[in-house]
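First up is the structure itself, then whatever we jot down about it.
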């Protein structure tokens with residue numbers, strides 16, 4: 001008997017266990033695209049979004065790319081924190097080259113700037129900590145942070161961290177940061193001798209075929225960013241709608257990418273590249289695998305740069321973004337090899353963009369292999385009477401909420417976000433707003449059966465009594481608006497507590513440390529402080545908000 005041809009057997013095995021090269025091309029996604037376009041039109045209408053651009057991928061095939069409303073297929077948007085993916089790739093390229101180490105003390109790396117570590121029993125942080133948001137560093141830099149419109153350089157932004165201190169010990173908890181990844185991008189500049197934007201242009205954009213992307217306004221070559229709407233807190237409990245100013249952030253690697261939906265599809269193709277030897281790949285397969293596995297976060301929320309999650313039974317990798325009038329999402333399912341990009345030119349509509357991304361994934365999966373959502377549970381008996389017993393005011397450790405009944409349905413406001421609640425059970429609802437997409441909400445009853453509170457995620461709300469005390473007299477001078485006019489922080493009173501509206505988004509409940517210092521609750525600026533800087537005569541001309549000095553506006 002002849003010995004088996006080992007190479008032939010290996011080739012046959014690889015063929016049988018890999019996707020057919022014609023499979024993707026044979027799939028007709030036209031029905032899925034039509035259904036997605038209907039969903040896009042609904043979001044444009046229901047939430048006042050001007051324009052949306054989408055891109056859908058299957059393997060290395062661009063299934064669909066188009067613009068809707070004010071957007072065209074190739075409209076340039078601000079990608080926001082999708083930028084962090086590109087920054088992390090640059091770091092890993094230099095790790096592969098042997099010029100950087102993920103686990104060396106960050107302060108030992110070329111060009112590193114780090115805040116002081118006030119925790120003597122805790123070792124310092126590393127690049128790995130920075131890229132998975134476990135460093136303990138603050139969210140924003142004193143200079144060049146999200147509330148700074150002066151367009152400082154990346155070097156100046158990073159240098160401003162000198163003199164700051166870590167908010168929490170390294171690796172103690174996951175705290176999302178924009179300055180953390182920016183410090184990592186600055187180190188890439190130092191070891192390569194190239195500016196961040198030039199390095200990205202040569203090593204990523206050129207390699208991936210991203211021909212309509214840039215990191216600074218001046219590098220867009222005369223192409224305009226799509227006009228967008230900015231929702232600005234007016235300091236009176238409401239919001240105005242303005243045209244968004246376009247400027248460069250100081251934290252360029254964390255959020256300043258200008259790009260298009262088809263260009264971001266090219267990045268998704270890289271995620272499908274399976275190794276440096278294939279066209280379009282800029283990383284080894286081993287590096288990409290390391291970046292897309294859970295790192296130090298016990299919840300598994302972050303890899304290196306990548307946000308990790310689940311869509312049904314499928315692992316997702318990618319990131320979303322929110323930056324001055326733009327809301328974005330990029331998601332990829334490695335096992336199904338499908339991806340989606342959604343870009344919107346409207347402020348604070350992350351949940352709507354996320355809903356469209358999930359809708360696209362569902363439609364692609366159903367078309368690709370017939371996968372449908374899980375069968376709904378047995379019919380739930382939903383009361384038909386108006387849900388008046390749930391109306392009222394509520395407070396949690398972080399937020400406030402007020403609900404009322406209108407046309408037989410519950411709606412209201414969730415920490416400054418208008419919202420609607422769809423009833424799905426006796427005490428169960430689904431919460432929807434610009435920043436909530438079908439979020440589970442359950443009302444809680446006391447021993448008498450009366451509603452005493454509700455839960456939304458980790459937030460546990462208690463019903464606020466109709467009669468309540470106001471804030472102390474000493475706190476009243478603290479109220480007002482501080483910072484840039486287009487993105488002020490607004491300190492105001494609600495239910496006898498001080499709240500602060502941040503980033504034109506939500507109100508956070510402040511916890512007093514002393515007369516002039518308040519702690520931020522769980523949320524965007526968790527564990528950071530707002531310090532009211534008085535002039536000695538009872539007036540407050542400015543605040544130190546999470547290391548950013550902001551002057552009073554009104």
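The values are calculated or read from the model by the stated rules, or taken from the named source; none is laboratory data. For clarity, every value in this text was computed on a predicted model and none was experimentally measured. So basically every Cβ, Gly included, is an ideal-geometry build from the backbone, and we count neighbours across all protein chains shown.
In region 189-233, which residues are over 23 Å from the mean Cα position of the chain (by Cα), more than 21 Å from residue 326 (Cα to Cα) and part of a helix (DSSP H, G or I)? Show your work before the answer.
Initially, region 189-233 is screened for residues over 23 Å from the mean Cα position of the chain (by Cα), giving 189-195, 198-199, 201-203, 206-209, 211, 218-224.
Okay, now just the ones that are also more than 21 Å from residue 326 (Cα to Cα), so 189-195, 198-199, 201-203, 206-209.
189, 190, 191, 192, 198, 199, 201, 202, 203, 206, 207, 208, listed by residue number.
Please tell me if residue 35 is more than 30 Å from residue 155 (Cβ to Cβ), touching a helix residue (DSSP H, G or I) at 6+ places or on another chain (Cβ under 6 Å) and assigned to a helix (DSSP H, G or I). Yes, satisfied. Could you please let me know if residue 39 is within 19 Å of residue 331 (Cα to Cα) and crowded, with 24+ Cβ neighbours inside 10 Å? Considered against the rule, which asks whether it is within 19 Å of residue 331 (Cα to Cα) and crowded, with 24+ Cβ neighbours inside 10 Å, residue 39 comes out as no. Does region 325-332 contain at least one residue that is touching a helix residue (DSSP H, G or I) at 6+ places or on another chain (Cβ under 9 Å) and surrounded by fewer than 23 Cβ atoms within 10 Å (Cβ to Cβ)? For region 325-332, residues touching a helix residue (DSSP H, G or I) at 6+ places or on another chain (Cβ under 9 Å) and surrounded by fewer than 23 Cβ atoms within 10 Å (Cβ to Cβ): absent. Scanning region 430-457 for residues that are assigned to a strand (DSSP E or B) and under 22 Å from the mean Cα position of the chain (by Cα) gives 430, 431, 432, 439, 440, 441, 456. Annotation note: of 80, 51, the sole residue that is under 21 Å from the mean Cα position of the chain (by Cα) and surrounded by 24 or more Cβ atoms within 10 Å (Cβ to Cβ) is 80. Taking region 110-154, which residues are over 27 Å from residue 300 (Cβ atoms), assigned to a loop (DSSP other than H, G, I, E, B) and in contact with a helix residue (DSSP H, G or I) (Cβ under 6 Å, 6 or more places away or on another chain)? Result: 110, 111, 112, 113, 141, 143, 144.
The residues of region 27-45 that are within 23 Å of the chain's Cα centre (by Cα) and either in contact (Cβ under 8 Å) with a residue 60 or more places away in the chain or farther than 21 Å from residue 351 by Cα (or both), listed by number, are 36, 39, 40, 43.
Conditions tested, residue by residue: (1) touching a residue at least 24 places away in the same chain (Cβ under 8 Å); (2) touching a strand residue (DSSP E or B) at 6+ places or on another chain (Cβ under 8 Å); (3) crowded, with 16+ Cβ neighbours inside 10 Å.
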position	(1), (2), (3)
404	no, yes, no
409	no, yes, no
413	no, yes, yes
418	no, yes, no
422	no, yes, no
433	yes, yes, yes
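Evaluated against (1) within 23 Å of residue 419 (Cβ to Cβ); (2) exposed (fewer than 14 other Cβ atoms within 10 Å of the Cβ); (3) at pLDDT below 95, residue 445 falls short on exactly one condition, (3). Flag: residue 107 matches the condition of being in a helix (DSSP H, G or I) and more than 21 Å from residue 195 (Cβ to Cβ).
Every listed requirement among (1) farther than 28 Å from residue 526 by Cα; (2) outside any helix (DSSP H, G or I) is met by residue 177 save one, (1). Residues of region 505-523 that are under 22 Å from the mean Cα position of the chain (by Cα), at pLDDT 95 or above and not in a strand (DSSP E or B): 520, 521. List the number of the failed condition for residue 65; all other conditions in (1) within 30 Å of residue 344 (Cβ to Cβ); (2) crowded, with 22+ Cβ neighbours inside 10 Å hold. Just one mismatch for residue 65, condition (2). Of all the listed residues (308, 361, 356), the sole one being modelled with pLDDT of 90 or more, out of contact with any helix residue (DSSP H, G or I) (no Cβ under 7 Å at 6 or more places or on another chain) and farther than 20 Å from residue 88 by Cα is 361.
The rows are residues; the columns are (1) closer than 20 Å to residue 41 by Cα; (2) not assigned by TED's automatic domain parsing to the domain that holds residue 262.
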{"residue": "329", "(1), (2)": "yes, no"}
{"residue": "336", "(1), (2)": "no, no"}
{"residue": "356", "(1), (2)": "yes, no"}
{"residue": "361", "(1), (2)": "yes, no"}
{"residue": "405", "(1), (2)": "no, yes"}
{"residue": "410", "(1), (2)": "no, yes"}
{"residue": "415", "(1), (2)": "no, yes"}
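Among the residues of region 31-49, write down those that are at pLDDT below 95 and in contact with a strand residue (DSSP E or B) (Cβ under 8 Å, 6 or more places away or on another chain). Answer for region 31-49, where residues must be at pLDDT below 95 and in contact with a strand residue (DSSP E or B) (Cβ under 8 Å, 6 or more places away or on another chain): 47, 48.
Of the residues making up region 458-484, those that are surrounded by 12 or more Cβ atoms within 10 Å (Cβ to Cβ) and assigned to a loop (DSSP other than H, G, I, E, B) are 464, 471, 479, 483, 484. The residues in region 230-268 that are out of contact with any strand residue (DSSP E or B) (no Cβ under 9 Å at 6 or more places or on another chain), modelled with pLDDT under 95 and surrounded by 23 or more Cβ atoms within 10 Å (Cβ to Cβ) can be counted, and the count is 0.
Of the numbered criteria (1) touching a residue at least 24 places away in the same chain (Cβ under 8 Å); (2) in a loop (DSSP other than H, G, I, E, B), the one residue 236 fails is (1).
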